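J.: Okay, handing you the structure first.
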Amino acid sequence: MSDSTPAPFPNEHAADGSFRRQLSRFREWVRANPTSPFPAEAGRYHLYVSLACPWAHRTIIYRRLKGLEGAISMTIVDPERDERGWAIVDGPGNTPDPVNGFGFLSEAYLASDPAFSGRVTVPVLWDKVTGVIVNNESSEIIRMLDREFAAVSDPGAPVFCPPDLEAEIDEINASVYAAVNNGVYRAGFATTQAAYEDAFRDLFAALDALDRRLGIRRYLLGDRITEADWRLFTTLVRFDPVYVGHFKCNLRRIADYPNLSGYLRELYQYPGVADTVSFNHIKRHYYRTHPTINPTRIVPVGPHMNLAAPHHRDAIGAEPLAQ
């Protein structure tokens with residue numbers, strides 16, 4: 001009997017059953033320089049996002065916290081993706097496409113590259129002037145929103161990747177991405193027991209280390225919120241309602257970690273962030289979109305999560321980690 005199960009995305013799996021995420025296809029940059037091919041101008045760009053997706057959620061948070069909602073328009077796709085990909089239709093929490101009138105996000109990909117044949121993903125940063133996708137890599141889009149759009153952001157908006165912390169932010173982002181952000185998918189999309197267990201061990205070793213780190217630091221880099229925190233947040237907020245059950249990441253919940261749980265609540269309570277979280281979209285997407293994992297497509301009612309409870313993180317110091 002084979003130990004392998006059907007792959008959710010067959011083109012993104014290795015022979016050993018491990019999930020190997022495809023590389024983002026569009027990697028141009030919007031620049032503050034007005035002579036750039038893609039200059040940072042208010043009203044020129046449009047975001048296509050999903051409230052369900054942690055990668056897209058990063059960009060939604062940045063658009064809100066940087067005060068860019070008037071400068072960059074946005075379309076929210078339907079959370080229930082089928083073989084045709086992300087649909088742009090009427091529905092609770094969905095929004096239309098006022099720019100192109102697309103019915104599916106795949107139309108944006110094919111308009112930008114008629115030969116595109118990979119998996120259509122969110123987020124997408126679209127240029128209304130040239131009619132192409134500028135970028136579909138979330139880590140790069142949030143860097144652009146943080147830095148390149150400063151002239152059209154709210155005055156005094158926080159900078160989440162200041163130059164003096166960039167190297168440290170990049171270092172922790174790399175480890176968190178491998179073991180946690182993408183680690184939950186490596187576990188959930190694994191098609192062999194061995195590949196699943198490898199990802200599972202990496203994930204919980206990383207979460208254990210992060211909980212220890214947050215026991216002596218209020219945020220990942222000390223006493224100020226940075227890009228690294230928001231990149232971790234969008235995975236943590238989905239962990240207990242989705243990844244514990246659907247992706248079999250069930251050794252511990254985030255609620256079981258004394259420091260990660262308070263940290264999650266504090267970031268959720270940051271002004272404007274709770275409005276970007278839709279547990280309805282999150283649960284409908286995961287439980288109704290992966291039939292090889294959840295063939296009944298039943299969406300669980302729970303768990304109960306009180307993210308508005310006191311977080312007590314203001315009592316945590318900013319001492320350096322012990323060497």
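Each value in this text was obtained by applying a stated rule to the coordinates, not by laboratory testing. Computed from a predicted model, the values in this text were never measured in an experiment. Because the Cβ atoms are built from the backbone with ideal geometry, glycine has one as well, and the counts that use them run over all protein chains shown.
J.: List the residues of segment 161-187 whose backbone N lies under 15 Å from a point placed 7 Å from the Cα of D208 along the Cα-to-Cβ direction.
T.: none
J.: Among rounded, prolate and oblate, which fits segment 258-323 when a ≥ b ≥ c are the square roots of the eigenvalues of its C-alpha gyration tensor, a/c under 1.5 means rounded, and a/b larger than b/c means prolate?
T.: In terms of gyration-tensor shape, prolate.
J.: Lysines near K128 by alpha-carbon distance under 24 Å, same-chain residues fewer than 8 away left out - which ones?
T.: Straight-distance partners of K128: K66.
J.: Right, next: What share of all Cα pairs of the chain, in percent, falls into each consecutive 10 Å distance bin?
T.: That works out to 6, 26, 35, 25, 8, 0, 0, in percent per bin.
J.: Same structure, new question: How much length, in nm to one decimal, is gained on full extension between T95 and D16, taken as 0.36 nm per residue of separation minus their Cα-Cα distance?
T.: 24.5 nm
J.: Can you return the lysines within cross-link range of K248? Criterion is Cα-Cα under 17 Å, with same-chain partners fewer than 8 residues away left out.
T.: K283
J.: Please work out the FRET efficiency for the pair T130 and N294, using the Cβ-Cβ distance as r and a Förster radius of 35 Å; give the result to the nearest 0.05.
T.: The pair T130/N294 has a calculated efficiency of 0.30.
J.: If the label point is 7 Å along Cα→Cβ of A150, which residues in segment 216-235 have backbone nitrogen under 13 Å from it?
T.: Answer for this model: none.
J.: Follow-up. How big, in percent, is the set of alpha carbon pairs in segment 45-152 lying more than 19 Å apart?
T.: 39
J.: Assuming a ≥ b ≥ c are the square roots of the Cα gyration tensor eigenvalues, decide whether segment 152-234 counts as rounded (a/c under 1.5), prolate (otherwise, with a/b larger than b/c) or oblate.
T.: Verdict is prolate for segment 152-234.
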